[in-house]
1. With semi-axes √(5λ) of the Cα gyration tensor in Å defined as stated, name the option among (1) 43, 8, 7; (2) 22, 12, 6; (3) 24, 11, 8 computed from the structure displayed.
2. Helix-only mean residue ellipticity at 222 nm, the chain, DSSP H runs n ≥ 4 weighted -39,500 (n - 2.57), per residue, nearest 500. What is it?
3. Roughly how tilted is helix 8-17, in degrees to the nearest 10 and between 0 and 90, from the longest Cα axis of the chain?
4. Please tell me the relative contact order of the chain in percent, rounded to the nearest whole number, where contacts are Cα pairs under 8 Å and at least six residues apart.
5. Return the loop-located trypsin sites (Lys or Arg not before Pro) in the chain (DSSP other than H, G, I, E, B) with at most 12 other Cβ atoms within 10 Å of their own Cβ; answer none if there are none.
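We did not get these values from a lab; they are worked out from the coordinates using the rules stated. Everything quoted here is computed from the prediction, not taken from an experiment. Positions of Cβ are backbone-derived with ideal geometry, glycine not excepted, and every protein chain shown enters the neighbour counts.
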Amino acid sequence: EHLHHFDRDSLVALLAHNGFECVTLNSFEDGIRLRPGEAGPNILSGFFRKL
């Protein structure tokens, strides 16, 4: 699961190159997974659709 680390631009570019359109990007998991004292954004989540 953690083999690759992406920022917003690189994740969108990789998936666009493979025929996917970005629907939305967010960091909603930070509200669930960040430990006390950690600062976000840390976890990038994306929803994509196949073109």
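1. Identified label for the calculated read-out: (3).
2. On the way: 2 runs with 14 residues, N = 51.
Mean residue ellipticity at 222 nm (helix-derived): -7000 deg cm²/dmol.
3. Tilt of helix 8-17: around 30 degrees.
4. Numbers: 53 pairs, mean separation 20.4, N = 51.
Computed over the chain, the figure is 40 percent.
5. Working: sites: 8, 33, 49, 50; in loops: none.
Sites meeting the loop and neighbour criteria: none at all.
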